[in-house]
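Taking it in order: structure first as structure tokens, then the write-up.
The values are calculated or read from the model by the stated rules, or taken from the named source; none is laboratory data. These numbers were taken from a predicted model, which means no experiment stands behind them. Positions of Cβ are backbone-derived with ideal geometry, glycine not excepted, and every protein chain shown enters the neighbour counts.
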Amino acid sequence: MKRQKDKNSAIFFIPSHMILLLLLTLLLNPILPGFHPDPSIVAVGSDYYTVNSSFHYFPGVPIYHSTDLEHWEQIGNVLNRPSQLPLNGAMNSWLGIYAPTLRYNDGTFYMITTNVGNGGNFMVTATNPAGPWSEPIWLEQQGIDPSLYFEGGRCYMVSNPDGVITLCEIDPATGATLSPSKPLWRGTGGRYPEGPHIYKKDGWYYLLISEGGTELAHKLTIARSRKIYGPYKAFEGNPIFTHCSDAAHKNQVQGTGHADFFQKDDGSWWTVFLAYRRYGGDFHHLGRETFLAPVTWEKGWPVINGGKPVDANPGPAVSKAYSFEEAGFGPEWMHILHPVEGNYLVKDGRLILRGNGCGLESQDKSPTAVLRRQERAVCTMETELELLEDGEAGLCLYQIFCGHAGIYLRRNGGSMSATVRYRIRNLEHEAAAMTLDCEKARLRIRGYDDHYDFEIFRTDGWQKLATLDAPLLSTEVVGGFTGITTGPLCIEGSAAFEYFRYEEC
């Protein structure tokens, strides 16, 4: 770079590698904190849209919008009708909606994904990413993590049936297969070759995949070919990105993988990918999150984040108070399986829930619960509720059917009590109990890096009833693919919730 110098100015030059280092220090990560796994992204001009897996939650596949890759707004859920999202028998996160891919072509948005246990691979379309989205277009080629690639008026689908990355041409209007499925690549030998995406640059077709499983050994590998059907040659420097390395194994951010490349409108390359943050040792309870990093190209191959590990650099704390003054719920609210509509009512500024005898441990019914993601370890969840009849309701933390906790009010005739209960795998325990003289109470759960406090408001202030170590609700202990969600729950009878407050610290 050369600049003209005058007598009152100095020549100013910043090397490109210094610009990259400065950029890396400014990036906020994760860009979508909490339970936001398996990200896919599409750039349409200066607008960016992402989607994530949702597994057994309804509605499914949250979709976000940004114009700067820093500030993101959830504009809806792609699958917001039961007809789009059958969840029969999807009692836990091993079933339901796996990794989606979002693409845009000729004025139409496409979301392709797998409904494990209920039909397999399908796609939906929309002209507005906020919806409405079409009914499912079912696809013949199976294997999880399907992706689409458009070129020359043709639409190609890639997925991993039988653990092999496989390609076919499809009709994007009907889903019909137009060519035989052809195996492309088995990866470099890591387990679970999955998450395939195809990109084209400088006359090369690049096939990006994940290997190693979505835990500590997660990694990105890549191969390329001059022809879309191959043969594909693996990069000698694979993996192109992993934190299962000497350079990154002490980093809080781990499990890096399942990426999707994209170009900004200035031509620069970037990637979103999943990773998780460890708390209290080698545990993660917030779930797999969406991270962002720049991509450069050296000798025809991509380099992610300048070849350096990605650090956590969270954005500003978020606070949200829900007063339930309007009917319905915002797009961030979810249910476990399809909700029973008659059990939910917003009336006179209160959320009224009716229990169906079903708690969070259920594997055959949808509990009467309204949940949102916990996106920061240090935060407060608070509500005030009134029991309208005999029964039980409260404020909960949910990871999976065998990993959850909560603080509950219970009314039985003239007797009122508050309890803290949790289930950790096969261990069910009542950690605290208190007799009350009222039918209404404020309840609070305070989250920290390594534990939760469960509290009730008394006349002299907040009183802690119990503490639970956060690692006990982690994926490493109770399993699952998701992360902590939190919100009001009614198990029996009916209860009115005055508000729900989520406040990060």
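Below are the figures for this structure:
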{"read-out": "Residue match in segment 426-434 (condition: within 29 Å of GLY213 (Cα to Cα), at pLDDT 95 or above and within 27 Å of the chain's Cα centre (by Cα))", "value": "yes"}
{"read-out": "Some residue of segment 61-75 being in the same structural domain as GLN263 (by TED's automatic domain parsing), crowded, with 16+ Cβ neighbours inside 10 Å, at pLDDT 95 or above and part of a loop (DSSP other than H, G, I, E, B)", "value": "yes"}
{"read-out": "Selection within segment 222-231 - of a type outside the set (A, V, I, L, M, F, W, C) and more than 10 Å from TRP204 (Cα to Cα)", "value": "TYR229, GLY230, PRO231"}
{"read-out": "When residues of segment 447-491 are limited to those that are of a type in the set (A, V, I, L, M) and touching a helix residue (DSSP H, G or I) at 6+ places or on another chain (Cβ under 7 Å), the one surrounded by the fewest Cβ atoms within 10 Å (Cβ to Cβ)", "value": "VAL477"}
{"read-out": "Scan of segment 103-121 for residues that are within 21 Å of GLY483 (Cβ to Cβ) and either in contact with a Pro (Cβ under 8 Å, 6 or more places away or on another chain) or not in a strand (DSSP E or B) (or both), ordered by number", "value": "THR113, THR114, ASN115, GLY117"}
{"read-out": "Unique match (being buried (at least 21 other Cβ atoms within 10 Å of the Cβ) and either part of a strand (DSSP E or B) or over 20 Å from the mean Cα position of the chain (by Cα) (or both)) among TYR149, TYR156", "value": "TYR149"}
{"read-out": "Failed item in (1) touching a residue at least 24 places away in the same chain (Cβ under 8 Å); (2) not in a loop (DSSP other than H, G, I, E, B), with GLU375 passing the rest", "value": "(2)"}
{"read-out": "Counted residues, segment 233-254 - those being touching a residue at least 60 places away in the same chain (Cβ under 8 Å) and either touching a helix residue (DSSP H, G or I) at 6+ places or on another chain (Cβ under 6 Å) or buried (at least 22 other Cβ atoms within 10 Å of the Cβ) (or both)", "value": "2"}
{"read-out": "Checklist (1) modelled with pLDDT of 95 or more; (2) at negative phi; (3) among the small types (Gly, Ala, Ser) applied to GLY107, failing item", "value": "(2)"}
{"read-out": "Residue pairs meeting the criteria (Cβ under 6 Å; at least 6 apart or on separate chains; first loosely packed, with under 15 Cβ neighbours inside 10 Å, in segment 188-215; second outside any strand (DSSP E or B))", "value": "ARG191/GLY213"}
{"read-out": "Members of segment 411-446 that are among the aliphatic types (A, V, I, L, M) and surrounded by fewer than 20 Cβ atoms within 10 Å (Cβ to Cβ)", "value": "MET416, ILE424, LEU427, ALA431, ALA432, ALA433, MET434, LEU436"}
{"read-out": "Given (1) in contact with a Gly (Cβ under 7 Å, 6 or more places away or on another chain); (2) surrounded by fewer than 19 Cβ atoms within 10 Å (Cβ to Cβ); (3) not in a loop (DSSP other than H, G, I, E, B), number of the condition PRO183 does not satisfy", "value": "(1)"}
{"read-out": "Lone qualifier among GLY281, GLY287, GLY257 - being within 25 Å of the chain's Cα centre (by Cα), under 23 Å from THR475 (Cβ atoms) and surrounded by fewer than 13 Cβ atoms within 10 Å (Cβ to Cβ)", "value": "GLY281"}
{"read-out": "Complete set of residues in segment 76-114 that are hydrophobic (A, V, I, L, M, F, W, C) and surrounded by fewer than 21 Cβ atoms within 10 Å (Cβ to Cβ)", "value": "MET91, TRP94, LEU95"}
{"read-out": "The listed residue being in contact (Cβ under 8 Å) with a residue 24 or more places away in the chain and of a type outside the set (A, V, I, L, M, F, W, C), out of ASN128, ASN160", "value": "ASN160"}
